[in-house]
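Just below is one structure, and these are the notes that go with it.
The values are calculated or read from the model by the stated rules, or taken from the named source; none is laboratory data. All figures in this text were calculated on a predicted structure; none of them were measured in a lab. Neighbour counts are summed over all protein chains in view; Cβ atoms, including those assigned to glycine, are modelled from backbone coordinates with ideal geometry.
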Amino acid sequence: MGTITAATLIDRAAYLLEDTSNVTWARVELLGWLNEAQSQVVSFSPAANVTRETISLVSGTSQELPAAASLLIDVPRNANGPAIRMVSRELLDAGPYDWYTAPSTAQVKNCVYDIEDSRRFSVFPPNTGAGSVVVVYAKLPSVLTNESQTLEIEDAYQAAVLNYMMYRAYSKDTDYVSADGSKAASYYGAFKDALAGKAAGDAALNPAQGLSPANPAVQGTLK
């Protein structure tokens, strides 16, 4: 959760637009673009809004993420403790049995995730419906409805949010203001650069960067 209010970024955008009286770009309009910016940041950089939650499982292998989740990051353990190992679907498919119809248990040993079906994940063994697991996921930001609310994404992304707001502002074309394509493109480029710079900095400081490459067939490389 961030600490910067929507009002702070709206004020900065109005200043850069030389429209501090909000004659051309109304504050409610800028707030809408701020909300859009937060969603775009999470789409490009899921780490901007990560949450950890315990969810109850349903019977079977197929499970669904919470409604606010945009992308699964990890399923580290059962709610009552035992660790869960993320594996590839191919690894389970290659087993000597049909893992979809294996005997059900309340505890999960393995988890399978396919980003092409980002709202769901699979568990093995099939669950009885009595189990629960801890999930870590990228959360879609809540819509801010007033300027006193704080950004939901981390403060480190405030430059990206502001650049996106400026991009949308300069894309506006009405009877009172003409779109400025060059400025819009420049601010969108700055938005992308800010995200890339944050990602590069995070990668350089990643404490797990010296570990073996992720391999679902090798214990420990996915944690």
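For residues that are assigned to a loop (DSSP other than H, G, I, E, B) and at pLDDT 60 or above, scanning just region 175-214, find the one that is farthest from GLU36 (Cα to Cα).
Here the residue is SER178.
Looking at region 1-21, which of its residues are over 29 Å from ALA47 (Cα atoms) and surrounded by 15 or more Cβ atoms within 10 Å (Cβ to Cβ)?
Result: LEU17, ASP19.
Going through region 89-129 one residue at a time, which ones are farther than 13 Å from VAL75 by Cα and crowded, with 17+ Cβ neighbours inside 10 Å?
Matches in region 89-129: LEU92, TRP99, PRO125, PRO126, ASN127.
Out of ASN163, ASN78, I need the residue that is assigned by TED's automatic domain parsing to the domain that holds ALA179 and of a type outside the set (Lys, Arg). Which one?
It is ASN163.
Which of the strands (runs of 3 or more DSSP E) contained wholly in region 21-100 include at least 1 residues that are at pLDDT below 95 and within 13 Å of the chain's Cα centre (by Cα)? First the steps, then the outcome.
Details: elements: 50-56, 60-64, 69-78.
Qualifying strands (runs of 3 or more DSSP E): 50-56, 69-78.
Of all the residues that make up region 22-71, how many are within 25 Å of THR3 (Cα to Cα) and in contact with a helix residue (DSSP H, G or I) (Cβ under 9 Å, 6 or more places away or on another chain)?
Adding up the residues that qualify gives 23.
Given the conditions (1) hydrophobic (A, V, I, L, M, F, W, C); (2) more than 21 Å from ASP11 (Cβ to Cβ); (3) under 22 Å from the mean Cα position of the chain (by Cα), report the number of the one that ALA160 does not fulfil.
ALA160 satisfies all of (1) hydrophobic (A, V, I, L, M, F, W, C); (2) more than 21 Å from ASP11 (Cβ to Cβ); (3) under 22 Å from the mean Cα position of the chain (by Cα) except (2).
Give region 1-59 a look and list any residue that's outside the structural domain of ASP74 (by TED's automatic domain parsing) and among the acidic types (Asp, Glu), or say none.
Within region 1-59, ASP11, GLU18, ASP19, GLU29, GLU36 meet the criteria.
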